[in-house]
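In what follows, a structure is listed as structure tokens, so that the remarks can point back to it.
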Amino acid sequence: MGSQPLDDLNTLTRLLVASGLIGEAQFAKVWKGFESISTNEAKGKGEVATFCDYLIRKQIITGWQRNMLCKGRYKGFFFEQYKLMDHLGSDNQCMRYVAEELASRKSVVLVIEARPPGDVKFQYTVETYSP
């Protein structure tokens, strides 16, 4: 699945549920809503792109999450008590993400430090975020 663009809607939906970004019950409701939109919308872009746009409009996934799912990646959207919403950047010291705290749904910047060899846990800091 690696770097080839995802063009199969069934695969995308399996990855979406496997990612934990949406539960099976919520997915069933979202799918019904998607099926009810005009099929003309899907003609120019294809089903995968149209479904992803629909999920973004409904604020179920973000553009970054869509890009990862369409690359076949479904792991790594959660870290500790945070849902990763966007990747801000990386260097050899750390990775920075816009994240949402699961309990409060508050947006934060999550800075995950590179793990030294032999360390079992990642170190991280949380900074306030105002979009």
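The values are calculated or read from the model by the stated rules, or taken from the named source; none is laboratory data. Owing to the predicted nature of the structure, the values given are computational and were not obtained by experimental measurement. Cβ coordinates were reconstructed from backbone atoms using ideal geometry, including for glycine residues, and neighbour counts include every protein chain displayed.
Structural remarks
- Flag: Gly33 matches the condition of being under 27 Å from Thr11 (Cβ atoms), exposed (fewer than 15 other Cβ atoms within 10 Å of the Cβ) and at pLDDT below 95.
A quick yes/no check of all residues on (1) in the same structural domain as Thr13 (by TED's automatic domain parsing); (2) β-branched (Val, Ile, Thr); (3) surrounded by fewer than 18 Cβ atoms within 10 Å (Cβ to Cβ):
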{"residue": "Asp53", "(1), (2), (3)": "yes, no, yes"}
{"residue": "Ile60", "(1), (2), (3)": "yes, yes, yes"}
{"residue": "Gly63", "(1), (2), (3)": "yes, no, yes"}
{"residue": "Leu84", "(1), (2), (3)": "no, no, no"}
{"residue": "His87", "(1), (2), (3)": "no, no, yes"}
{"residue": "Gln93", "(1), (2), (3)": "no, no, yes"}
{"residue": "Arg105", "(1), (2), (3)": "no, no, yes"}
{"residue": "Pro116", "(1), (2), (3)": "no, no, yes"}
{"residue": "Lys121", "(1), (2), (3)": "no, no, yes"}
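- Counting only residues that are outside any loop (DSSP other than H, G, I, E, B), more than 30 Å from Phe51 (Cα to Cα) and among the charged types (D, E, K, R), the stretch 70-126 holds 1 of them.
- Residue ID - nearest to Gln59 (Cα to Cα), chosen from residues in the stretch 69-82 that are touching a residue at least 24 places away in the same chain (Cβ under 8 Å) and loosely packed, with under 14 Cβ neighbours inside 10 Å: Lys75
- Cβ separations smaller than 6 Å between residues 6+ apart or across chains give the following pairs from the stretch 31-55 residues that are part of a helix (DSSP H, G or I) to residues that are modelled with pLDDT of 90 or more and among the charged types (D, E, K, R): Cys52/Arg66.
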